[in-house]
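First up is the structure itself, then whatever we jot down about it.
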Amino acid sequence: MPEVVITCDWTMMSNHHGKEFLGFGTTTPAYILPEAAYQKLFFPTMKCDENGFPRQAPYGMRKIEASLIDAGYDARIVHPSYLSKYMPGEAKVLLVSGHDYFGLNPPSSTFGGVMKKEPLNSVNFKRMLRQPAVVEARKQGLKIIAGGPCAWQLSPATRMKLPFIQEFLDSIGGIDTVVEGEADLFVREIVGKALRDEFMPPHVVMSPRDSPRVDQISSIKFPSVNGLIEIGRGCCRGCSFCSVTTRPTRWYPLDKIEEELKVNAKIGVRKGLLHSDDVFFYGSPNVMPHEEKLIPLLKLAKQYYEQVGWSHVAVASLMTKPKLLQKCGEVLLDDKQKWWGVEVGVETGSPRMITAAMPGKVAPFKASQWPELVIQAAGLMNDNHVFPACTFIVGLPQETEDDVRATIDLIDDLWDFKAILVPMFFVPLGHLKSRDWFRRDRLSPLQEELLMRALTHGLRQSRSLLNDFFDWEGNHTQIYRSVFRGFIEFLDGLARMHGLYSPAKGTGREIADPNRYPDRLPLPTIPVRE
């Protein structure tokens with residue numbers, strides 16, 4: 001029995017029906033429908049063995065688990081429903097992770113703020129730590145260490161701004177240590193201190209110089225949720241609102257990536273995601289894609305997975321070598337895979353905001369070219385059967401009404417783009433962590449219009465994406481399509497009932513039909529590099 005238990009809440013300990021994008025559904029509140037309905041839709045229960053060890057677990061937690069195992073610790077990830085099997089008694093240390101402990105990250109803060117209800121991920125995180133077994137174990141000396149991408153929410157500075165967090169911590173007997181940043185190596189030290197009952201610093205922030213080298217990062221021992229595999233860390237674009245850009249860029253060699261692909265393939269995982277902050281840049285030391293690195297990576301992934309998706313890609317990187325995306329499609333698309341998904345950070349339609357908050361995002365192009373770059377990248381992606389989730393930030397510091405209007409205009413230009421547009425309230429991260437959150441009560445009428453326009457676009461395009469999205473074989477596929485089609489119609493009815501429906505004002509562009517613009521690229525006004 002492990003003496004070091006690692007866990008998260010139920011919304012994360014799920015494979016989301018094998019569709020990573022459905023995980024976004026856990027960032028919404030349970031609205032009108034009961035929470036059980038949202039669980040069936042977005043975070044079905046993960047299968048576990050008799051010990052509560054999940055068949056798949058979130059990748060970041062698998063990395064921590066692997067690091068501890070490599071260091072000789074008796075550590076395992078345990079499903080939150082099985083914590084009572086290990087505590088009080090067996091477990092001496094509990095490591096908790098999460099995507100969004102208190103619903104403060106995007107997009108939870110947006111959905112929760114608009115609906116004025118606590119998001120599902122926050123509800124379930126609190127429920128997990130309030131389990132009687134955990135509370136009793138805490139009284140008997142259990143050490144709790146918190147980390148993950150939302151660890152900043154437990155920092156002293158955040159607790160001072162938001163007293164309800166401290167109140168919650170007091171109610172469960174507190175947390176011993178909060179660790180922010182890449183803790184692959186430090187976790188061994190802090191767990192050792194916990195087991196030896198030594199002093200544990202209450203708050204630790206890992207600096208960029210503490211980031212482990214690639215050869216110091218352990219490979220996962222057990223399968224990850226939806227076959228997600230990390231191919232690199234860090235980002236060189238330097239967006240002021242992002243914490244990832246504070247870390248050095250490192251790429252995994254193919255043999256290290258293959259080692260983890262094999263772990264997932266061994267249990268029959270045949271669909272997976274390649275993860276980095278820009279998959280198109282794999283192996284590159286700058287903002288120019290390297291075809292000789294990227295194509296072998298994709299070929300390797302296709303040896304183990306029938307379907308391969310990407311976690312993130314940048315608009316500017318796509319447009320530096322647009323024909324490379326077609327070559328990627330020639331590797332990925334076949335009789336087993338007809339499309340692939342990716343998250344794209346559009347963030348704004350305003351060149352002025354690009355210059356003010358994220359000048360590196362447009363490199364090697366000019367900020368003035370940003371809206372047209374996005375439009376051309378949209379056409380490029382749909383031409384090559386890439387259906388992305390595009391994020392926008394509402395309430396960035398220095399944002400003006402003209403900037404918001406420019407973003408609305410861009411959304412209108414993307415009206416026929418086959419994608420999901422996801423608006424998110426600004427959250428103080430990265431170099432802007434000293435700023436305040438953007439909240440619902442600060443929304444201007446124009447920002448409300450932006451949210452409504454994105455919602456309407458999402459409802460419209462969700463219908464057209466259903467058949468592509470649920471592409472499984474078997475009779476159950478039609479059932480899922482019908483269920484989610486019904487859920488979309490439910491949301492559509494709510495939006496119309498509450499006056500939240502806002503169609504585009506007409507753009508004259510036909511983004512989504514590739515047959516109408518066979519000569520779209522290269523764009524004459526933008527220098528395209530091949």
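Pull out the extension gain between Gln216 and Asp402, defined as 0.36 nm times the separation in residues minus the alpha carbon to alpha carbon distance; nm, one decimal.
Working: separation 186, 0.36 × 186 = 66.96 nm, distance 4.72 nm.
Computed gain between Gln216 and Asp402 is 62.2 nm.
Order of 157-165, 188-196 by packing, highest average Cβ count within 10 Å first?
Values: 157-165: 13.7, 188-196: 17.2.
By packing density, highest mean first, the sequence is 188-196, 157-165.
Amide H to amide H, which residues 5 or more places from Leu421 or on other chains are under 5 Å from it, using H placed in the peptide plane?
Cys390, Gly458
Between Lys336 and Met115, what is 0.36 nm times their sequence separation minus the Cα-Cα distance? Round to one decimal in nm.
Details: separation 221, 0.36 × 221 = 79.56 nm, distance 3.92 nm.
That works out to 75.6 nm of additional length.
Using the Cα centre of segment 228-516 as origin and beta-carbon charges of +1 (Lys, Arg) and -1 (Asp, Glu), tell me which of Trp370, Phe469, Leu294 is placed farthest towards the positive end of the dipole.
Leu294
Per the helix-only calculation at 222 nm, which mean residue ellipticity applies to the chain, given -39500 (n - 2.57) for every DSSP H run of n ≥ 4 and division by its residues, nearest 500 deg cm²/dmol? It would help to have the intermediate numbers written out before the result.
Values: 17 runs with 196 residues, N = 530.
Calculated from helices alone, the mean residue ellipticity at 222 nm is -11500 deg cm²/dmol.
Return the FRET efficiency for the residue pair Arg460, Gln140: r is the Cβ-Cβ distance, R0 is 45 Å, and the value is rounded to the nearest 0.05. Could you put the intermediate results ahead of the total?
Working: r = 54 Å, r/R0 = 1.21.
Approximately 0.25, to the nearest 0.05.
Could you point to the residue in Val205, Asn51, Ala75 farthest towards the positive end of segment 4-209's charge dipole, with +1 and -1 charges on the Cβ of Lys/Arg and Asp/Glu respectively?
Asn51
What's the FRET efficiency of Cys48 with Met288 using the Cβ-Cβ distance as r and R₀ = 45 Å, to the nearest 0.05?
In this case the efficiency is close to 0.50.
With 33 Å as the cut-off, how large is the P(r) tail for the chain, expressed as percent of Cα-Cα pairs? All intermediate terms of the calculation are to be shown ahead of the outcome.
Values: 54827 of 140185 pairs.
Everything past 33 Å amounts to 39 percent.
Kindly state, to the nearest 0.05, the FRET efficiency for Glu167 paired with Lys40, given R0 = 25 Å and r defined as their beta-carbon distance. It would help to have the intermediate numbers written out before the result.
Details: r = 32 Å, r/R0 = 1.27.
That pair, Glu167 with Lys40, gives E of 0.20.
Within 10 Å of each candidate Cβ there may be at most 11 other Cβ atoms; applying that plus a DSSP loop requirement, which chymotrypsin sites (Phe, Trp or Tyr not before Pro) in segment 175-279 survive? Walk me through the numbers before you get to the answer.
Details: sites: Phe186, Phe199, Phe241, Trp251; in loops: Phe199, Phe241.
Taking segment 175-279 and a limit of 11 other Cβ atoms within 10 Å, the loop chymotrypsin sites (Phe, Trp or Tyr not before Pro) found are Phe199.
Find how many whole Å separate the alpha carbon centroid of segment 100-161 from the alpha carbon centroid of segment 316-339.
The two parts, judged by their Cα centres, are 39 Å apart.
So between Lys299 and Arg209, what do we pick up on full extension, going 0.36 nm a residue minus the alpha carbon distance?
Working: separation 90, 0.36 × 90 = 32.40 nm, distance 3.31 nm.
Between Lys299 and Arg209, full extension yields 29.1 nm more.
Radius of gyration and Dmax for segment 228-516's Cα atoms, expressed in Å?
19.3, 54
From the cross-link list Lys85/Lys117; Lys19/Lys256; Lys40/Lys418; Lys19/Lys193, which pairs have alpha carbons spaced over 29 Å apart? Present the calculation step by step, with values, prior to reporting the outcome.
Values: Lys85/Lys117 32 Å; Lys19/Lys256 25 Å; Lys40/Lys418 26 Å; Lys19/Lys193 38 Å.
Over 29 Å Cα-Cα: Lys85/Lys117; Lys19/Lys193.
Which of the peptides 325-331, 453-459 is most tightly packed, and how do the rest follow, judged by the mean count of other Cβ atoms within 10 Å per residue?
On the way: 325-331: 17.0, 453-459: 21.3.
Result, highest mean first: 453-459, 325-331.
Suppose every K and R has +1 on its Cβ and every D and E has -1 on its Cβ; what is the size of the dipole of the chain about the Cα centre, in Debye to the nearest 20?
Numbers: 63 positive and 62 negative charges, 67 e Å.
The calculated dipole for the chain is roughly 320 debye.
Laboratory data are not the source of any read-out in this text; all were calculated from the coordinates shown. All of these numbers come straight from a predicted model, not from anything done at the bench. Neighbour counts are summed over all protein chains in view; Cβ atoms, including those assigned to glycine, are modelled from backbone coordinates with ideal geometry.
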